[in-house]
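Trainee: Once you've had a glance at the structure underneath, I'll fire off some questions.
The values are calculated or read from the model by the stated rules, or taken from the named source; none is laboratory data. Everything numeric here is computed off the predicted structure, so don't read it as measured data. Here the Cβ is made from the backbone with ideal geometry for all residues, glycine too, and neighbour counts use every protein chain on show. Heavy atoms of the whole protein, side chains included, go into the accessibility calculation; ligands, DNA and RNA do not. Shrake-Rupley method; radii C 1.70, N 1.55, O 1.52, S 1.80 Å.
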Amino acid sequence: MLRHFPYILIYCLIQVSGFSLYAQSQLPDVYGYRHLQTTFRGDTVDILIKSKKGEEQVRKPLFLFCQGSLPQPLLVRYEQNGQTAVIPAFVFNPDSLAQYYHLAIIGKAYVPLVADERNLGPDMAYKDSTGLFPRKYLERYYLDYYVDRNLAVIKFLQKQPWIARSPLVVAGHSEGSTVSAKMAMRSKSITHLIYSGGNPQGRMLTLIERERAHEKDSTSGTGALFSRWEKITANPQNMDFSAGDTYKVTHDFSDPPAAYLSRLKIPVLITFGTRDAGVPYLDMFRIDMVRRHKQNFNYREYIGTEHNYFPLKPNGEPDYDVFNWDKVAEDWRQWLLTQRPLPTLNLPPSRPSNK
């Protein structure tokens, strides 16, 4: 696992009624994942499922993971010692969670499911023949598209005979934390939420906080950020992506997720590295939930780690030799096993002994 750290880090940093959604096919397995494909509003949706080997058809609950930003393929091939290796779809080892759940992850719209690392950018993002992010991807890059699509995919998956309807766990990291929080507010079917590496006050404050951390004695980039925010709020539905992220996506993801989170009554686990830019706002949210006597929130902090749970060296650089994601996922599993409803495994009856 150690040899994959640089690739995993890159992957971390960058990663209903009236809707048309129907199964097209369950395709051949891809690098140990089941590949399901469906459509949503006319768009092809790729879904990868990770199950415990030998228990693919055992009825288990669903654990949906919402990844972070950038148009990254779910699986990336690269060369290692003359052989082809693959960066896994989940940044954490899903095996312990697969004992109790079928894990799902959804690909980005109009981004290949699998791609070669040499054909991607340094951040593992996919660009089309024009050298830009795919236009159709950018046209769908806004909060409610992800929320609506993911909720529709959940309904599709719950029609599969090997998916139990409850419990239903949704986890999201970074940008995915906002997606998962709004999903939990919208859907009564979701029974547990894991909110990882998010900022309850939204994206723009994270950007400002990161800029503050790099201020010099007499220079700061926060002025430009505030100027951009004024333009965004004056035209929040603008979908012009010629200069990067659209006003709409920044506005949508800057709408404080605290508004979604605070309304939830289901069990919520909030995990974060204490050196992440959003920590002051997580602390503020926690203070507020205590003030309101909200007891459905649990918190797990990873002291001295950054956004993707890497510890920091004395010089402030992440120590990529210390990979904490598997520990984080195990903490998720342990927490889920203390929260009702608990997953029930519908294992086939054991065969009688011939003895």
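Trainee: For R3, only one of the following conditions fails: (1) of a type in the set (K, R); (2) modelled with pLDDT under 95; (3) closer than 15 Å to V114 by Cα. What is its number?
Mentor: (3)
Trainee: What tally of residues in the stretch 292-307 results from selecting those that are of a type outside the set (F, W, Y) and outside any loop (DSSP other than H, G, I, E, B)?
Mentor: Applying the first criterion (of a type outside the set (F, W, Y)) to the stretch 292-307 yields 292-296, 298, 300-301, 303-307.
Filter once more, so that each one left must be outside any loop (DSSP other than H, G, I, E, B): 298, 300-301, 305.
Count: 4.
Trainee: Of the residues in the stretch 188-231, how many are under 26 Å from the mean Cα position of the chain (by Cα) and either surrounded by 20 or more Cβ atoms within 10 Å (Cβ to Cβ) or hydroxyl-bearing (S, T, Y) (or both)?
Mentor: Selection size over the stretch 188-231: 17.
Trainee: Which one of the conditions (1) farther than 26 Å from Y281 by Cα; (2) assigned to a loop (DSSP other than H, G, I, E, B); (3) in contact with a helix residue (DSSP H, G or I) (Cβ under 8 Å, 6 or more places away or on another chain) does L168 fail to meet, given that it meets all the rest?
Mentor: Every condition holds for L168 apart from (2).
Trainee: Looking at the stretch 53-159, what strands (runs of 3 or more DSSP E) fall wholly within it and have at least 2 residues that are open to solvent by less than 10 Å² (accessible area, probe 1.4 Å) and within 25 Å of D255 (Cβ to Cβ)?
Mentor: In the stretch 53-159, the matching strands (runs of 3 or more DSSP E) lie at 60-66, 102-106.
Trainee: Moving on to the next point. All but one of (1) within 27 Å of R186 (Cβ to Cβ); (2) surrounded by fewer than 21 Cβ atoms within 10 Å (Cβ to Cβ); (3) within 20 Å of the chain's Cα centre (by Cα); (4) among the acidic types (D, E) hold for E330; which doesn't?
Mentor: (1)
Trainee: Would it be correct to say that Y195 is touching a Gly at 6+ places or on another chain (Cβ under 7 Å), of a type outside the set (D, E) and modelled with pLDDT of 95 or more?
Mentor: Criteria met by Y195.
Quick grid of which residues meet (1) β-branched (V, I, T); (2) farther than 17 Å from K182 by Cα; (3) modelled with pLDDT of 95 or more:
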residue: N235; (1), (2), (3): no, yes, yes
residue: G244; (1), (2), (3): no, yes, no
residue: T250; (1), (2), (3): yes, no, yes
residue: P257; (1), (2), (3): no, no, yes
residue: K265; (1), (2), (3): no, no, yes
residue: L269; (1), (2), (3): no, no, yes
residue: F272; (1), (2), (3): no, yes, yes
residue: A277; (1), (2), (3): no, yes, yes
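Trainee: Any idea how many residues of the stretch 287-327 are open to solvent by less than 90 Å² (accessible area, probe 1.4 Å) and either within 14 Å of R275 (Cα to Cα) or of a type in the set (S, T, N, Q) (or both)?
Mentor: Of the residues in that region, 18 qualify.
Trainee: Within the stretch 233-278, how many residues turn out to be surrounded by fewer than 18 Cβ atoms within 10 Å (Cβ to Cβ) and farther than 23 Å from R186 by Cβ?
Mentor: 10
Trainee: As an exercise: evaluate R286 against (1) assigned to a helix (DSSP H, G or I); (2) touching a Phe, Trp or Tyr at 6+ places or on another chain (Cβ under 8 Å); (3) within 20 Å of Q67 (Cα to Cα) and give the number of the one condition it does not meet.
Mentor: (3)
Trainee: Counting only residues that are surrounded by fewer than 24 Cβ atoms within 10 Å (Cβ to Cβ) and not in a helix (DSSP H, G or I), how many does the stretch 171-187 have?
Mentor: Summing the residues that are surrounded by fewer than 24 Cβ atoms within 10 Å (Cβ to Cβ) and not in a helix (DSSP H, G or I) in the stretch 171-187 gives 1.
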